[in-house]
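Notes to accompany the following structure.
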Amino acid sequence: MNQDKTDAIKDVADLARLNFDAQELEVFALQFDKMLEYVGVIEQLDLENVEPLLHVVHSENVFREDVAEKSLSTAEALANAPKHNDVFFKVPKVLK
Amino acid sequence: MTESIVSNTSIVETNSEYEAVIGLEVHAQLLTESKAFCGCSSDFGALPNTNVCPVCLGHPGSLPKLNRNLVEFILKMGLATGCKIREHSIFSRKNYFYADLPKGYQISQYSDPICYDGKIEIELGDGATKRIGITRIHMEEDTGKSIHDLDIDTLIDYNRCGVPLIEIVSEPDIRSATEAYQYLMQIRQIVMYLGICDGNLEEGSLRCDANVSVRKRGSTKFGVKTEVKNLNSFRNVEKAIGYETDRQIALIKSGGFVTQETRMWDASSQQTKLMRSKEQAHDYRYFPEPDLAGVYVNAEWVERVKSVLPELPMERKQRFMNFYGLPRYDAGIFVEDKSLSDFFERCAGELETKSADRFKAVSNWIMTEVMRILSDRKIGINELAVLPKHIAELVELFVGEVVSSKIAKEIFSDVLANGKSPKVIVSEKNLAQISDVAQIEKAVSEILAANGDNVEKYKAGKTNLFGFFVSQTLKATGGRANPRIVTEELQRQLNAV
């Protein structure tokens, strides 16, 4: 049972590129249990005809007009890049 | 732009035992001024990493704000394809790690896309049409561009990152590679007529993935499908789908079975190759995008977009056939390129006498003389400096037998070179065709008198000398004698000898 939970957490962690050891996974499993238990209280309510709440503040149609504005300079854009060649961002090769 | 249909007789089209079931996912890059969620220019071809800002670079704390035209443009596409428009829709995050997407997720629409349940009509040979269902059309953002072959590292240009896309997902209604080609062609024409995408497959403003499966004909159950990617030209779409259906049928016939996987079309080997199997498929963990407000499209907005929708390619094609009396072929050629069909209409509108035969003559002139020059110079009609009025004049000059078609072609070169009106060129260079019978009668009798020996040979049975007499007479009149009258007159005088 607990193994299933830690496996599920590990899957999600892998997708998020996070590494945890077995002990950490156990701790998370316990913590997640508590959180789900807490949120699970809601299940006592009849939510048959209630739409999921997507935003706390209900707002729609917040637009910007389609006008091109000034962008960063390339030097500014690259300033925080771990690796660049003054024109491009550089990342480890992903294709052979 | 006119690319003939590759005749691709895959097994599916000739084998009655199996049929292909194909659905297409088409991405169209929108012609907005700025990106989907920030004010960076969406210009194609700018220097690398010049159209970027904290939002599209995914800097912490930056917030997206939706470009109104993204909604406006997708509504045009939705309404042009008969889609239902959802009043309330939202954006979701599609999460995956790849360096061309600095946020770690793509903003897209997942459940409840803004447009759904539409259709596109395609033509199958002789004007029969088939309806291909549209499952959904949704909004999303493009990724950056990775360059793998210039450096030991992968180089990334984020100019394209955040440029708005729409994804058009079809129902699995397509039954052959040729139908897939026709469907894609229709989408391309529609987005271009709507002015929301430049329709360029080679440059990637239109991209196509295909879901392909096969099944026994008559079966209602779907077979296992593969997804085929990298279809970056019309030719490749047809070839790749043809190849993939053949591959699946051969596999099944030899006792094997198709596995659900993603394959990539490799144009150099003309094969589809395995990219990833289903086990390696992504889990995108979609969830509602908390940084963007929802989109609400009321009836008023829908009506306003509807009222400004232009005439669509299929409608225009029908009108060209009905109103101008053009053959389906001619109408199809023009409609494929909106500018060219606009040009035809402007030329036809400049005709002094508006009649079906003159419309057809204009059509012939554009399809032969004008399109030959466009293809020689590799330009579009809008880059050719010629007035529709001059094309109409020229066509009327030769339909009215004022000049021969040979002279008309010479005049056309002049018109292109110096922009003068064909009528002016005719009078300045004295090119008007001689249709005065008395004048031609005189020219013919002079030629016959000067070639007595050949007249005798002709009378003795060497009738192929007739062409020689024609060309001699035309030459004597500087090419201006009406060939029809020359022929009649020669026959008359030779018979009388």
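What to note about this one:
- Just one of the listed residues (B:Lys406, B:Lys442) is touching a residue at least 60 places away in the same chain (Cβ under 8 Å) and not in a loop (DSSP other than H, G, I, E, B), namely B:Lys406.
- Only one entry of B:Val486, B:Val415, B:Val455 meets the criterion of being buried (at least 16 other Cβ atoms within 10 Å of the Cβ), in the same structural domain as B:His390 (by TED's automatic domain parsing), in contact (Cβ under 8 Å) with a residue 24 or more places away in the chain and part of a helix (DSSP H, G or I), and that entry is B:Val415.
- Residue check for B:Asp151: outside any strand (DSSP E or B), surrounded by fewer than 17 Cβ atoms within 10 Å (Cβ to Cβ) and without any contact (Cβ under 8 Å) to a residue 12 or more places away in the chain: yes
- Taking first residues from the range A:72-94 that are within 7 Å of chain B (Cβ to nearest Cβ) and over 15 Å from B:His59 (Cα atoms) and partners that are part of a loop (DSSP other than H, G, I, E, B) and basic (Lys, Arg), the Cβ contacts under 7 Å between residues at least 6 apart in sequence or on separate chains come to A:Lys90/A:Lys83.
- The range B:248-289 - residue that is of a type in the set (Gly, Ala, Ser) and within 27 Å of B:Glu17 (Cβ to Cβ) and, of those, surrounded by the most Cβ atoms within 10 Å (Cβ to Cβ): B:Ala250
- Here A:Ala13 passes the criteria (1) more than 30 Å from B:Tyr158 (Cβ to Cβ); (2) part of a helix (DSSP H, G or I) except the one numbered (1).
- Within the range B:208-322, strands (runs of 3 or more DSSP E) holding 1 or more residues that are more than 32 Å from the chain's Cα centre (by Cα): B:271-277
- Criterion violated by B:Lys354 - all others in (1) surrounded by fewer than 16 Cβ atoms within 10 Å (Cβ to Cβ); (2) over 18 Å from the mean Cα position of the chain (by Cα); (3) modelled with pLDDT of 95 or more satisfied: (3)
- Criterion: among the β-branched types (Val, Ile, Thr), part of a helix (DSSP H, G or I) and either away from chain B (no Cβ under 11 Å) or closer than 30 Å to B:Leu66 by Cα (or both) - qualifying residue of A:Val56, A:Val67, A:Val39, A:Val50: A:Val39
- Residues of the range B:248-278 that are within 13 Å of chain A (Cβ to nearest Cβ) and at pLDDT below 90: B:Met275 alone.
- Close pairs from the range B:340-351: first of a type in the set (Lys, Arg), partner modelled with pLDDT of 95 or more, Cβ under 6 Å, at least 6 apart: B:Arg346/B:Pro388
- Unmet requirement for B:Tyr286, which otherwise passes all of (1) closer than 25 Å to B:Ser111 by Cβ; (2) outside the structural domain of B:Phe37 (by TED's automatic domain parsing): (2)
- B:Phe44, sole failed condition from (1) under 25 Å from B:Asn230 (Cβ atoms); (2) surrounded by fewer than 19 Cβ atoms within 10 Å (Cβ to Cβ); (3) at the interface with chain A (Cβ under 10 Å from one of its Cβ atoms): (3)
- Residue that is surrounded by the fewest Cβ atoms within 10 Å (Cβ to Cβ) [pool: residues in the range B:165-197 that are farther than 24 Å from B:Gly144 by Cα and acidic (Asp, Glu)]: B:Glu171
- Yes/no for B:Gly45 being out of contact with any strand residue (DSSP E or B) (no Cβ under 7 Å at 6 or more places or on another chain), at pLDDT below 95 and not basic (Lys, Arg): yes
- Given (1) of a type in the set (Lys, Arg); (2) under 20 Å from B:Ser269 (Cα atoms); (3) crowded, with 20+ Cβ neighbours inside 10 Å, index of the condition B:Lys225 fails: (2)
- For the range B:130-148, filtering for residues that are more than 11 Å from chain A (Cβ to nearest Cβ) and either more than 23 Å from B:Leu79 (Cβ to Cβ) or not in a strand (DSSP E or B) (or both) leaves 2.
- Those residues of the range B:87-106 which are surrounded by 20 or more Cβ atoms within 10 Å (Cβ to Cβ) and either more than 14 Å from every other protein chain (Cβ to nearest Cβ) or over 17 Å from B:Phe37 (Cα atoms) (or both), in sequence order: B:Gln106
- Scan of the range B:372-399 for residues that are touching a residue at least 24 places away in the same chain (Cβ under 8 Å), part of a helix (DSSP H, G or I) and over 28 Å from B:Ser435 (Cα atoms), ordered by number: B:Ile373, B:Ile381, B:Asn382
- For the range B:49-69, the set of residues classified as crowded, with 21+ Cβ neighbours inside 10 Å and facing another protein chain (nearest Cβ under 8 Å) consists of B:Asn49, B:Asn51, B:Val52, B:Leu57, B:Leu66, B:Asn67, B:Asn69, listed by residue number.
The values are calculated or read from the model by the stated rules, or taken from the named source; none is laboratory data. From a predicted model like this one, the values you see are computed outputs, not experimental measurements. Ideal geometry is used to build each Cβ from the backbone, glycine not excepted, and the neighbour counts take in all protein chains shown.
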